[in-house]
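Trainee: The structure follows.
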Amino acid sequence: MESTTIGSEPVLDKREAETLEKEVQPIKKQKVEPDSARPLPRSSRRKPDDFRSIDDLNSAEYYIEDGLRKVKPYFFKYQAYAKGRWLGRSLLSVFTEEFRDRSEQYYKYAIEKGLITINDKPVKIDTIVRNQDIIGHQIHRHEPPVTDKDIVIVNQDKDLYVVNKPGGIPVHPAGRYRHNTVIHVLRKTHSIPILFPANRLDRLTSGLMLIALNAKRAQELEREMTTGKIRKEYVCRVEGEFPEGEIVCEAPIKTISFKLSLNYVHEDGKDCTTVFKRLSYNGKTSVVLCKPLTGRTHQIRVHLRYLGYPIANDPLYGNNTSWAPILHAGKHMSEEESKSLVDSLLANSEYQDGDWQPVAPVPLPVPTTNRAPESEPGLESAPESVPESVTEEITSNEQKCDECSIALLADPVQSDLYIWLHALRYSGEDWAYETELPEWATETFEDTS
């Protein structure tokens, strides 16, 4: 079958030749350490009194409303060790540049009122973040609602869950999500003390996940992943008539903004490869099989955008955004374009109002329930995909929380909870798991977008 390679020049330069030489080395030459020599996952190496190990899941109150899974708001203290890229920067700079959840005005208010701390002590906005500092942020937490669709268990054995994740729910605690995640819902539903996801999908992406029940199985799956022994197949629906035959994209991908979890093709990006094959075309959109040979963030979505066939309902890399003209097909992104893209995204973001606005009083929210620290490292980490604030708007009647004064967000529209990208099949040397095609990938699906 004819194969087309996109993303590299037909004549290899020295760097490309060296990269190709590395890629074709047989797996048997890679060093694989015995289980006893391999480090345990970070959560297994924590001390019992580590702030990241405290569990508050029992206090989570879920309820279903209007087709959405919701969590009753609760008081919460984010805690995390300072990341390397935060060191030497002012505390205000870290929050305003790394976290998109609140405005700079809010972060100034929170630092001045002692809601944001370093090593449990009040600080000033110009305090410099140092190595080993523990950053804390006390809030009344309002988690966004997620889909109420079931997390279906495809297969289960003594140390592994294989699940079919619906689109519209994140995998693990990060950013504004904690209890409304696959890991916490499964733990709560099945009374499981700890889970180890071997692969992670974007919040908007559906499909297969491998979730180990103990550290040993997690190590085995990690080893299979890193040595390329696990093969992954995805299916998606893209705009236009995708070319026939096998299309290989090798364009390097770089993280343009950690704050927005935004990535695109860039000359300084990391090497990655995706193989595509069209399955069908209905005159408007195409269903495409995707085989990522590497695992960069948003790799499939970025490569499809680069090829000129973005996922048809992708709210970040699709064509129906004000920043779409900056995402050029077949062209690497320059530093100037990267800055313009980030500025455009931030300009389209909305911040939730509250009593930190200058025209309002400034009460200090004091927790009356649990103060549970984050069980995953990181504070309000970058989102897994599109910034929710681009698509979520403050309610028109400006309803506010009685506890913390924050303006309440309207519920998301069901169609905004997912994109047409699905992890269809995972296979190893002697095993394979597969789901049915999602409804939008079938030949009878009517595309009305």
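Trainee: In region 298-324, what residues are outside any loop (DSSP other than H, G, I, E, B) and hydrophobic (A, V, I, L, M, F, W, C)? If you could, list the steps in order and put the result at the bottom.
Mentor: Initially, region 298-324 is screened for residues outside any loop (DSSP other than H, G, I, E, B), giving 299-307, 311, 324.
Selection gives Ile300, Val302, Leu304, Leu307, Ile311, Ala324.
Trainee: Within region 415-444, can you find the residues that are in contact (Cβ under 8 Å) with a residue 24 or more places away in the chain and either of a type in the set (A, V, I, L, M) or in contact with a His (Cβ under 9 Å, 6 or more places away or on another chain) (or both)?
Mentor: Leu417, Ile419, Leu421, Ala423, Leu424, Thr435, Leu437, Pro438, Trp440, Ala441
Trainee: Looking at (1) open to solvent by 10 Å² or more (accessible area, probe 1.4 Å); (2) modelled with pLDDT under 95; (3) in contact with a Ser or Thr (Cβ under 6 Å, 6 or more places away or on another chain), find the lone condition where Asp159 falls short.
Mentor: For Asp159, the exception is condition (3).
Trainee: To continue, here is another question. If the requirement is being part of a loop (DSSP other than H, G, I, E, B), closer than 21 Å to Leu260 by Cβ and of a type in the set (Val, Ile, Thr), which of these qualifies: Ile169, Ile125? Break it down into steps so the answer makes sense when it comes.
Mentor: On the way: Ile125 fails: closer than 21 Å to Leu260 by Cβ.
From the options Ile169, Ile125, the qualifying one is Ile169.
Trainee: What tally of residues in region 395-449 results from selecting those that are in contact with a Ser or Thr (Cβ under 8 Å, 6 or more places away or on another chain), surrounded by 14 or more Cβ atoms within 10 Å (Cβ to Cβ) and of a type in the set (A, V, I, L, M, F, W, C)?
Mentor: 8
Trainee: Collect the residues in region 252-297 that are among the hydrophobic types (A, V, I, L, M, F, W, C) and in a loop (DSSP other than H, G, I, E, B), keeping them in residue-number order. Write out each step before concluding.
Mentor: To start, the set of residues in region 252-297 that are among the hydrophobic types (A, V, I, L, M, F, W, C) comprises 253, 256, 258, 260, 262, 265, 272, 275-276, 279, 287-290, 293.
Within region 252-297, Phe258, Leu260, Cys272, Leu293 meet the criteria.
Trainee: Taking only pairs six or more apart or across chains, which ones have beta-carbon atoms under 9 Å, a first residue in region 220-231 that is over 8 Å from Gly428 (Cβ atoms) and of a type outside the set (Lys, Arg), and a second residue that is open to solvent by 70 Å² or more (accessible area, probe 1.4 Å) and modelled with pLDDT of 90 or more?
Mentor: Pairs found: Gly228/Leu293.
Trainee: Where residues in region 404-422 are over 20 Å from the mean Cα position of the chain (by Cα) and not in a loop (DSSP other than H, G, I, E, B), which of them is nearest to Lys165 (Cα to Cα)?
Mentor: Per the stated criteria, the residue is Leu409.
Trainee: Taking the stated definitions as given, is Arg278 of a type in the set (Lys, Arg) and modelled with pLDDT of 95 or more? Walk me through how you get there before you give the answer.
Mentor: On the way: of a type in the set (Lys, Arg): yes; modelled with pLDDT of 95 or more: yes.
Yes.
The values are calculated or read from the model by the stated rules, or taken from the named source; none is laboratory data. Predicted model only: the values in this text are computed from it and were never measured. Because the Cβ atoms are built from the backbone with ideal geometry, glycine has one as well, and the counts that use them run over all protein chains shown. Note: areas computed on protein heavy atoms with side chains; ligands, DNA, RNA excluded. Shrake-Rupley method; radii C 1.70, N 1.55, O 1.52, S 1.80 Å.
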